[in-house]
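Some notes on the structure that comes next.
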């Protein structure tokens, strides 16, 4: 069975190594700059409120989330959620992360097309990322035993998983645009000095690598599924 297929390791190993590198990079940047206090001594929560007001986002609530680096903006509920290490710490890293999430809130306000598209894809992507694997595995088992519709099930799984890949691809411009907005906000509001701006940018750049790594992993997995489906189809 393909669970132990050397081809899978050959295809998935490079993006897996890149993901490890990206995670190490973001953890290193966050750990380093979370220990560097910003000159204004603003906690992430205080900075969030300042940036939200500055962008006319008074309808966005700020809440806490327990998970480490689980900071995110929820466009469906207009809520910006901050982890304790960001909300309660007056660090340079906190400023960068908060500005990034406010960037998402600003995208929502102006109707940024890629954010809208990504939000609309969430149900399909969640379904595809789960059922895609199941259908591919089930289809391969059926095809292995000579069932006629086995390959139809496999290709259905490939299609479902492709929805998750599309979601990952759309996520890239959303995240990079939010980071660009974050950098502009930090400059325009004067919340950071030139040195702090470079540090906050380093945190944002490291975080962006994780989204790129996730996308490469998804593409590699889809590529493997397609190769397997084509190979089984020739039998």
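The values are calculated or read from the model by the stated rules, or taken from the named source; none is laboratory data. Model, not experiment: these values are computed from the prediction. Backbone-built Cβ (ideal geometry, glycine too); neighbour counts: all protein chains shown.
Restricting attention to the range 1-44, the residues being touching a helix residue (DSSP H, G or I) at 6+ places or on another chain (Cβ under 7 Å), free of Cβ contacts under 8 Å to residues at least 60 places away in the same chain and part of a helix (DSSP H, G or I) number 1.
Do the conditions hold for residue 172, that is, is it in contact (Cβ under 8 Å) with a residue 24 or more places away in the chain, surrounded by fewer than 18 Cβ atoms within 10 Å (Cβ to Cβ) and under 14 Å from the mean Cα position of the chain (by Cα)?
Yes: the conditions hold for residue 172.
Being surrounded by fewer than 19 Cβ atoms within 10 Å (Cβ to Cβ) and modelled with pLDDT under 95 narrows it down to one residue among 32, 66; which is it?
Only one candidate qualifies: 66.
Residue 191 versus (1) crowded, with 16+ Cβ neighbours inside 10 Å; (2) part of a helix (DSSP H, G or I): which is the lone unmet condition? Among (1) crowded, with 16+ Cβ neighbours inside 10 Å; (2) part of a helix (DSSP H, G or I), residue 191 violates only (2). Scanning the range 97-156 for residues that are buried (at least 17 other Cβ atoms within 10 Å of the Cβ), farther than 25 Å from residue 56 by Cβ and within 16 Å of the chain's Cα centre (by Cα) returns 121, 125, 129. Reported count of residues in the range 106-137, each being within 30 Å of residue 50 (Cα to Cα), out of contact with any helix residue (DSSP H, G or I) (no Cβ under 7 Å at 6 or more places or on another chain) and part of a helix (DSSP H, G or I), is 7.
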